[in-house]
């Protein structure tokens, strides 16, 4: 895939993607996915290639959104939709639930905390859903009391983890 030359684009490292999709493997067939800060679209594309039913890609950059649409057309990816939109503005009015949410905003911005808060407020993560989050290593985001870390890792300057909704009945987390 050819990526636009934009300074803010920081694709998820290949070894991190491999770990993530090993974690998500049993949950992807038929899943409804949301790639919030899509950029190259690598995470959503991988989810679709592994059996996700749909993926909605949110990307503010016209250049990146155009490149992602071109890639999806070449791959004849079904179930994919690219919205050229500000992710925070979209999340403020979003409805529905997603089985897998990819949350990998530009580092050194308040976008991660804003997006997490809106995903919670709008109840966008399905009860048995999973949310993948990336952050600058050493600075993991705080989670609401409703969510719990299921898996975490680090690759160089990138921290990453998988989050799930706590089981309300007994306050335990659902297995990854």
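The numbers here are math on the coordinates, done by the rules we state, and not lab data. The shown structure was predicted, so the numbers you read here are calculated from the model rather than taken from an experiment. Positions of Cβ are generated from backbone atoms using ideal geometry, with glycine treated the same way; all protein chains shown enter the neighbour counts.
Taking Cα atoms only, the orientation of helix 14-24 departs from the longest principal axis of the chain by about 50 degrees.
Packing here is the average count of other Cβ atoms within 10 Å per residue, and on that basis the peptides 52-63, 69-80, highest first, run 52-63, 69-80.
Subtracting the Cα-Cα distance of residue 62 and residue 108 from 0.36 nm times their residue separation leaves 14.4 nm of extension gain. Here the extension length gained between residue 81 and residue 167 equals 27.8 nm, from 0.36 nm per residue of separation less the Cα-Cα distance. Here the relative contact order of the chain, from alpha carbon pairs under 8 Å that lie six or more residues apart, stands at 17 percent.
Take the Cα of residue 117, step 7 Å toward its Cβ, do the same at residue 53, and the gap between the two points is 3.3 nm. Taking 0.36 nm per residue of sequence separation and removing the Cα-Cα distance, the residue 74/residue 157 pair yields an extension gain of 26.6 nm. In plain terms, the residue of 86, 35, 99 with the fewest other Cβ atoms within 10 Å comes first and the most crowded comes last, giving 86, 99, 35.
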